[in-house]
Each structure stands twice: as C-alpha cells, then as structure tokens.
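K.L.:
Quick one: the structure is below, and I'll ask about it shortly.
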C-alpha cells in the first residue's frame, strides 16, 4: 500500500483533488491511501469548505490555516507546516496541483527531504514571468518526479525546456517521467454534470433564462488592483449587457468586491448600482458554477479553470487576460484573448456572438485522467 499526501489550498485545487480522491475510493483503495492537507490559502468558508461538502471529498486531515499575506509570508508559513507533516506521515509521494503558493510550497518542502513530487497540470505556460503563477508552475515542474500534463501543448513546453519524454529507468527528480494524461477537470465536469439537478431553481433565483445570460468572473491581481484595468472591464460589462439585452451573472470573490469600492470611479459605481442587467452574487459553489456555465450564452473570465470549462460545455469565451495557458482553445476559435481593454472586450464579444461554426476537438482527454494518474503513481513511485 502506497501513501500520498495531497496538497490543496485554493478552490480550484480542492475541485481537482476530488477526481483523484474518487478514483482512489472506487478503484485503488487496496493499493493507494491518501492524506489531504489544506494549507488554508483560501480561508473563507464559501471559498473552501463548501467544496468539500458538495463534492463529497474527504475532509482534510490537516489544515495549516495560513490565511492571507504576501507571497513570501504565505509560502514560508506553508513550508514550515508542510515539512512537519511530511516528517510525521512519511508519505511515498506528494501530489500538488496547478500553480499556486500551495503548489510551490508543497513541492519545495518535499524535494528538500527527498520525497517524490507528483505535479498534476504540469507543462502549462503563459510565458509571462511577471505572473506569480508562471514562476510557481515552472519551478514545481523542475522539482517533480512525475509530471502529468493535460495537453499536447504542455508536453511540447516540457520538451522545449529539456525534459526527456522517454520515461526510461527509475523515475526521480533527476530523471522525471512525463505523461500526457488529459485533464482531470474534464473528468469532474463529466462526472458532476451527468447527474446535475437544480438549474431551473438557480435560474429562477437569479432571474435569468437558459441561453439568455452571460457568466463572468474577475479575480486576478492584474485586473483588480489597477484601477484603470478594473474600470475598463466593468465598463465593458455594462455596455455589453445593454447592447445585447443580456444579464451578466458575476459571482464575485470578496477581494474583488472590495476593489470595486476602492478602485472604481464614483460614476461607474453608480452605473453598476443602477444597472439591473449586471447581477453580482457571492462566490458560487462548483456545482452552481457548472449550472451557470451550461446555461450561459457566453463566458467572460480571467480564470484559467473557467476558460477550459467553457470549452467542455461548448460555450464561447472572452478571456480577460493578455495570454492563456490553454492556447488550443484560442487557436481553435473557441475563445478570444481580450485582456482588460474595453474595445477588445467589446470586439471579442461581438465576434463570438456572431460566430456559428464552432468545433470542439478532444483536446482534454477521455475523462479518465485521474485513473491513469493513480496507476502511474502506484507503478513508478519507488
């Protein structure tokens, strides 16, 4: 029996981890056991606890409660707490997801004491090292023993950085094994959407109709912390909603809600308050997000997760960032990079609203990525 410790800290990681936990429970419980550590990077109950409950994920065995703080403070607190847990539990491997401070701390604490690191969502690149996430994901890849990339582009990026793709000998940080496995979020989307109920009740609560609203999210520092950028994004939301007569449903991170108060002009804030088409709601649980994605006419987001899910549910997407890790959906015409710029957001929205010849190739696997990952951990971690 091999033991893994799964590190989560942000909402998307909790959701992603459910696919691995479900695969262990259903198919690998006799060969693989899991301990879950929540770093507490997202500490609001609506941003964290609800996801464990509604997705039936085992509650964390440990919670570090690191809370908010600068990148250095958060990461330092995590390193201290994680090392203590690793030494106590003596796992065979550490599993980390994506590109957050929890990811880099989980990997760094492990490699320093010679515990293999398994990185899920390896190889993704924005090619913008001003993004903390880009630095985290690159560093984590180069500390990992097993790397699981969801896309062909991820595989190409790793090859370009010098990773061998032969997977010969024994896997180690000096001889990492790289796999193109598909996306575990596609696993989750298929699993949860197949039995999803309650959409009509949610639509009624929000006063929207299926196919007649836009789903939007904004949370990245580059959009929320620069007043000019946030002003252009919200001005575009208001004008898009008015031009097309569509409500925009905007689940808002608490931090972004605070930035509206501090970074938007009085004029724009009054417009927001007076506009019945912009529906600002609290952060939504994963199942409600799926309900909203499935019923939306269009998605506008700076979230990497929602970009992919827009593709899973065959919805066009305006990306509120200058670049994306999911370049294949842009190249295929399913999404357009608009950044924070008002004119580009309006132009992208108009283009996607008019477009009718969308296609949806199988970029993200067959929905069984989690099973593949578990099998490889069992086989390759010594």
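The values are calculated or read from the model by the stated rules, or taken from the named source; none is laboratory data. Bear in mind that the values here come from a model prediction, so they are computed numbers and not experimental data. With ideal geometry, Cβ positions are generated from the backbone for all residues, glycine too; neighbour counts draw on all protein chains shown.
K.L.:
Could you name every one of the strands (runs of 3 or more DSSP E) located completely within segment 296-370 that has at least 2 residues being under 21 Å from residue 199 (Cβ atoms)?
P.N.:
Result: 298-301.
K.L.:
Please find, among 169, 154, 123, the residue that is over 23 Å from residue 37 (Cβ atoms) and without any contact (Cβ under 8 Å) to a residue 24 or more places away in the chain.
P.N.:
Result: 169 is the single residue among 169, 154, 123 that is over 23 Å from residue 37 (Cβ atoms) and without any contact (Cβ under 8 Å) to a residue 24 or more places away in the chain.
K.L.:
Which numbered condition in (1) assigned to a helix (DSSP H, G or I); (2) in contact with a strand residue (DSSP E or B) (Cβ under 8 Å, 6 or more places away or on another chain) is the only one that residue 267 fails?
P.N.:
(2)
K.L.:
Identify, please: which residue in segment 273-293 is in a helix (DSSP H, G or I) and buried (at least 17 other Cβ atoms within 10 Å of the Cβ) and is, among those, modelled with the lowest pLDDT?
P.N.:
Initially, segment 273-293 is screened for residues in a helix (DSSP H, G or I), giving 273-274, 286-293.
With the extra rule that they be buried (at least 17 other Cβ atoms within 10 Å of the Cβ), the set shrinks to 286-293.
Working: 286: 83, 287: 88, 288: 91, 289: 92, 290: 92, 291: 94, 292: 96, 293: 96.
So, considering only residues that are in a helix (DSSP H, G or I) and buried (at least 17 other Cβ atoms within 10 Å of the Cβ), the one modelled with the lowest pLDDT is 286.
K.L.:
Six or more apart or on different chains, Cβ under 6 Å: which pairs go from a residue in segment 95-119 that's at positive phi to one that's not in a helix (DSSP H, G or I)? Could you list them?
P.N.:
From residues that are at positive phi, the pairs are 98/121.
K.L.:
Residue 152: surrounded by 14 or more Cβ atoms within 10 Å (Cβ to Cβ), within 30 Å of residue 292 (Cβ to Cβ) and not assigned by TED's automatic domain parsing to the domain that holds residue 292, yes or no?
P.N.:
Judged against the criteria, residue 152 is not a match.
K.L.:
In segment 194-229, how many are under 23 Å from residue 347 (Cβ atoms), part of a helix (DSSP H, G or I) and either at pLDDT below 95 or under 21 Å from the mean Cα position of the chain (by Cα) (or both)?
P.N.:
3
K.L.:
Need the failing condition index for residue 243 against (1) surrounded by fewer than 14 Cβ atoms within 10 Å (Cβ to Cβ); (2) more than 25 Å from the chain's Cα centre (by Cα); (3) outside any helix (DSSP H, G or I), just the number.
P.N.:
Here residue 243 meets the rest and fails (3).
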